[in-house]
Every structure is written in structure tokens, then in C-alpha cells.
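Engineer: There's a structure below that I have some questions on.
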Amino acid sequence: MNKTTVNTNQSRDREGVVKDREGVVKKMTKPTPLAYFITFSCYGTHLHGHESESVDRSQNKHGAPYLPPDEKKYQRQKENMNQDQYIIDNGRARIVLDSLKETSSHRKWNLLAAHVRSTHVHVVIHSLTTPEKIMNDFKSYASRALNNAGFENSDRKRWTRHGSTRYLWKNNDIENAIRYVLHEQGDPMAVYENKELDLDAIFINQKASIPIPHGK
């Protein structure tokens, strides 16, 4: 995928916008990945320092190294918890998965794969929306769906504040992420696979900056 080259004679005015020497405002075109691999965990289940798979929030990018275990940091975070950790059972998992599919359809995002587990949620998705926005919407609408279904009170903390947003630049990256989400999580819980997946269509439409139709 070609990346846009910005003229060195231009000065950045604000993110996404540049001005040339004559002061003419021009929009910057940033490279966009083919898809995102998004993971967010349940409240209190993946505290930083407890596992070797924690990632520094300031370095949470594709290929970033994992942080080593830190027992003191883990204990501090555990002591700061004001609610019990949140665990998803099969009934809740189905509601969360349905919410992921409904939100994707409403936003016209192309959901490629999803797996709701007892302590975390994995999603592979194609969209021109930022992955942070996608993740926040998924959390909000999933919580709303659980509230409407009568699970817990509205003040129940269900999700961690942040999550992992990994960029998938190649078809092979997408294939590997989907395989991991669908088939490498142990016994399946609530799983979605886009049966209409066409990676070539994603690549072609991404170059044209046009979202492809979402799966049913």
C-alpha cells in the first residue's frame, strides 16, 4: 500500500491538515490498515504486571514488545479495584456477541471475526473508523445490551479502560488474526465468522478508501 509523501516545504497546522507556503490548507492522507485486531478485557481480569502479555499503553502498537511481570504493580492495581472482577458466562457472551454484530451493522463496519471469552473479547474488523472509536462503541453498546437483558446494574464495571488495537496491513496478517480468534482460544464460547469474507475486495476497496459491504 502506498504511503502519502508530505512536501517538506509544507508546515503542519493541525493533525490531518497542512499548509503550503501560500497558506493554502490541504488535507493529509494517512495510510490506513486493511483491518484492525482489537482486544479488550473484562474489569479486573487482566491487570498490568500480572501477566507477561501486558502491553505498555504508550507503546500499544503492532509488534510492540510485551512487558515483563511486575508483582508490585499488579498488587497496586488489585488494591485499587472497587468492584469484583467481571466474568462473562455463556448467556452474557451471546448477548455481547449479538451486540458486536448489531453495532457493526449499524455503523457499516465490516466485522470479519469475533470471539467473546470469559475474560476478554477479540475482534477482527475492517473500517475507516479509528480502532479506539470502534472499541469504545463496542464496550458501550455491549454494556447497554447487558443492562437491557437484566444483567447487573448500570454502574457495574465490565471492561478495562483501554485495550489492544493492532493494525493489520497485509492479507496474511488478517488471515492469521482470524485463525487465532476463531480456532486458537480453547473451547469456543460465542463466536462469529464472516462467511462472506473476501480479502481481495478489502484490499481493492481500501485503496479506493471506500468501505466494503458488511457481512450478514
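The values are calculated or read from the model by the stated rules, or taken from the named source; none is laboratory data. Bear in mind that the values here come from a model prediction, so they are computed numbers and not experimental data. Ideal geometry is used to build each Cβ from the backbone, glycine not excepted, and the neighbour counts take in all protein chains shown.
Engineer: Give the range 98-128 a look and list any residue that's touching a helix residue (DSSP H, G or I) at 6+ places or on another chain (Cβ under 9 Å) and surrounded by fewer than 15 Cβ atoms within 10 Å (Cβ to Cβ), or say none.
Structural biologist: Glu102, His106, Leu128
Engineer: Report every pair of residues separated by at least 6 positions or lying on different chains whose Cβ atoms are under 8 Å apart, first residue within the range 146-163 and free of Cβ contacts under 8 Å to residues at least 60 places away in the same chain, second among the small types (Gly, Ala, Ser) and in a loop (DSSP other than H, G, I, E, B).
Structural biologist: Asn147/Ser154
Engineer: Tell me yes or no: at least one residue of the range 91-101 is modelled with pLDDT of 95 or more, of a type in the set (Gly, Ala, Ser) and over 20 Å from Phe37 (Cα atoms).
Structural biologist: Within the range 91-101, one or more residues are modelled with pLDDT of 95 or more, of a type in the set (Gly, Ala, Ser) and over 20 Å from Phe37 (Cα atoms).
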